[in-house]
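For reference, the structure is listed below as structure tokens.
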Amino acid sequence: MSLFPRLASPDVRLALEVDEGPRLTPHPGNPRSLDYATLARAASAHVAQLHELGVERGARVAIWARSDLPTLVALVGNALAGVVSVPLSPKLGARELMHVLTDAEPAVVLTSDVEGQSTPALPLRALETIDASEPPPIRELDDDPVLLLYTSGTTGAPKGVELSARGIAANLDALADAWGWTEADDVVHALPLFHVHGLVLGLFGALRAGGALRHVARFEPAAIGAQLAASPRAMLFAVPTMIHRLIDAAEADRSVASALGRARLVVSGSAGLPTREHRRFESITGRGIVERYGLTETLIVCGVRADEGARPGYVGRPLRGVEVRLVDDAGAVIDAHDDATIGEVLVRGPSVLAGYLHRPDANEEAFDAEGFFRTGDLATRASDGALRIVGRKSTDLIKCGGFKIGAGEIEAVLLEQSGVREGAVAGLPDDDLGERIVAFVVADPNVPRDGDALIAAVARELAVHKRPREIRFVDDLPRNAMGKVQKAKLRA
Ligand code: MCA
Ligand code: AMP
């Protein structure tokens, strides 16, 4: 069995459709959708291009993860060829880009938009030039990596997580089991393609099931509504910030509400969806949302099953094949199923990463003696095994709009800016973003204060979504007796 079985004998069922939206530059001559037969040919042409470039199985290929068809085709083609995709956020800043390229050492960097790219990259083949007679390679599932994704920790630069074809397939099949996900389902999403949610679940998930991905390049509630309405049987994947904005839009526009109401399944993940939003969604659309919980390092761990229906506050039971433990501060296993005892979530299973790239130190910390991965998330467990995520061990990890961001990486940039004597970053509750990044800065009195310049520096060096949304100038930072900044006080 291969990662995308339908590509072995492709037909004319819709595979990919991208709504690039009115504000994006269209690609002249390129189609907006591909059926499986055309996708197979296009992926095969991409694999031929890789070979022309001297890129062979096992090599790493960085790819600017733009939301367009040539990029989607290349990500699929790479996986078929056993080449490791390293997707880069199109809004990646200079320092973070340098870190990823140095750490991943890709053989080439590819892009669908050479002119729009400020750093050197080779062009992907435009789809209208494709005339591949060779079928794409069909590789049996194995434990070799096909993706290298970067994820933030509390301190330092993001760490590389390699994911194998077998691990991805196991996770997607477990989700198919939980959600009754078949080839009849189209996936609709507007998620970025450089993280697990949009790439693994959204793109690989849709194609593994044999249905279509209807991808909205720029999140707009009306565009989501249009894609849902165009699909006979759709599953919407979204982060809580998108759900929040969809609810607001549905309140103002009945057509959005009814499109959401008709979807076969609406799934929220990447951050917790407040119970209040579950209720609002249900009252405006007449249907519920199921949540699932996961990490880049583990893929999806738990999920509410489609046949259970909405279960506000819970992320469901462990998926098939995934072992979950709760442990106390001393590392002892908690057996309680009382929905009250809080423990850290530990995970073991086929989709858990083998280790961070080039980071033996981080691997030492990340796994316990029995090979369970420490998630850092705190949860309770109900009598039927369903988890409720109640918090995080570290206040230095922030989830903003569903993106994981480390306070340490932002603080490091801020401290290099002129006029910053001290700086500390925290996530503050936000109705829209879940957590809003706020930087507390002790300014040098001799330098004019310029909060916007500090925000711009983070956007430029790291990535736009990592920028503080607010700079608060303070006289001093609250510190404990050891001199450590007390983040809890900043968040109070
Ligand atoms: C603003 N902009 C700037 C600046 N400020 N540009 C440069 N410099 C600045 N200082 C621009 C941006 O480029 C952008 O431009 C526009 O302002 C708005 O950007 P932003 O405010 O960041 O967008 P947002 O409205 O906050 O985005 C909300 C969002 C986004 C769409 C929900 O947060 C999102 O896509 N989240 C998905 C995260 C995700 O996929 N996580 C999965 C992780 P322009 O408009 O031109 O672009 S995987 C995971 O967590 C696990 C496995 C799991 O469980 O799924
Ligand atoms: P990432 O590193 O971007 O993969 O983010 C993983 C983190 O997202 C987890 O450790 C959780 O803190 C959070 N997360 C993902 N899904 C959920 C959910 N449904 N509820 C609460 N937190 C979630």
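The values are calculated or read from the model by the stated rules, or taken from the named source; none is laboratory data. None of these values were measured; they are calculated from a predicted model. Neighbour counts run over all protein chains shown; Cβ positions are idealised from the backbone, glycine included. Surface areas here come from the heavy atoms of the whole protein model, side chains and all, with no ligands, DNA or RNA. Shrake-Rupley method; radii C 1.70, N 1.55, O 1.52, S 1.80 Å.
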### Message
Which condition from (1) under 28 Å from ARG95 (Cα atoms); (2) in contact with a Ser or Thr (Cβ under 7 Å, 6 or more places away or on another chain); (3) away from ligand 2 (no atom under 12 Å from the Cβ); (4) of a type in the set (Ser, Thr, Tyr) is the one that THR380 breaks?
### Response
(1)
### Message
Tell me which helices (runs of 4 or more DSSP H) are completely within region 33-104 and hold 2 or more residues being touching an Asp or Glu at 6+ places or on another chain (Cβ under 8 Å), or say none if there are none.
### Response
36-52, 94-104
### Message
Quick test for you: out of LEU163, LEU191, LEU172, LEU148, pick the one residue that is farther than 23 Å from TRP64 by Cβ and within 15 Å of the chain's Cα centre (by Cα).
### Response
LEU172
### Message
Please verify whether GLY77 is touching a residue at least 40 places away in the same chain (Cβ under 8 Å) and on the phi > 0 side of the Ramachandran plot, treating the condition exactly as stated.
### Response
no
### Task
Go through THR155, THR102 for me and flag whichever is among the hydroxyl-bearing types (Ser, Thr, Tyr) and either at pLDDT 95 or above or within 15 Å of the chain's Cα centre (by Cα) (or both).
THR102
### Task
Could you check how many residues of region 289-313 are closer than 27 Å to ILE405 by Cβ and away from ligand 1 (no atom under 15 Å from the Cβ)?
2
#### Entry: Leading residue by the ranking (farthest from ligand 2 (Cβ to nearest atom)) among those in region 285-305 that are more than 27 Å from VAL161 (Cβ to Cβ) and open to solvent by 30 Å² or more (accessible area, probe 1.4 Å)
GLY286
### Task
Kindly list the number of the only condition in (1) more than 16 Å from ligand 2 (Cβ to nearest atom); (2) in contact with a Cys (Cβ under 8 Å, 6 or more places away or on another chain) that fails for HIS465.
(1)
## Note on the structure
Per the filter on region 296-329, residues in contact (Cβ under 8 Å) with a residue 60 or more places away in the chain and basic (Lys, Arg) are ARG305, ARG311, ARG317, ARG320
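Mind checking which residues of region 427-462 are among the hydrophobic types (A, V, I, L, M, F, W, C) and within 16 Å of ligand 2 (Cβ to nearest atom)?
LEU433, ILE437, LEU462 - these are the residues of region 427-462 that are among the hydrophobic types (A, V, I, L, M, F, W, C) and within 16 Å of ligand 2 (Cβ to nearest atom).
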### Query
Does TYR356 fit the bill of being under 23 Å from LEU201 (Cβ atoms), more than 11 Å from ligand 2 (Cβ to nearest atom) and of a type in the set (Phe, Trp, Tyr)?
yes
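Conditions tested, residue by residue: (1) of a type outside the set (Lys, Arg); (2) over 20 Å from the mean Cα position of the chain (by Cα); (3) open to solvent by 10 Å² or more (accessible area, probe 1.4 Å).
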residue: ARG6; (1), (2), (3): no, yes, yes
residue: ARG13; (1), (2), (3): no, yes, yes
residue: GLU56; (1), (2), (3): yes, yes, yes
residue: ALA74; (1), (2), (3): yes, no, no
### Task
Would you mind stating whether ASP335 is open to solvent by 10 Å² or more (accessible area, probe 1.4 Å), of a type in the set (Asp, Glu) and over 20 Å from LEU454 (Cβ atoms)?
yes
### Message
Just to confirm my filter: which helices (runs of 4 or more DSSP H) fall fully inside region 357-471 and include at least 2 residues that are buried (at least 17 other Cβ atoms within 10 Å of the Cβ) and touching a residue at least 40 places away in the same chain (Cβ under 8 Å)?
### Response
407-415, 451-461
### Query
How many residues are under 21 Å from ARG32 (Cβ atoms) and within 25 Å of the chain's Cα centre (by Cα) if we restrict to region 111-122?
5
### Query
Of the conditions (1) open to solvent by 60 Å² or more (accessible area, probe 1.4 Å); (2) within 16 Å of ligand 2 (Cβ to nearest atom), LEU122 fails just one. Which one is it?
(2)
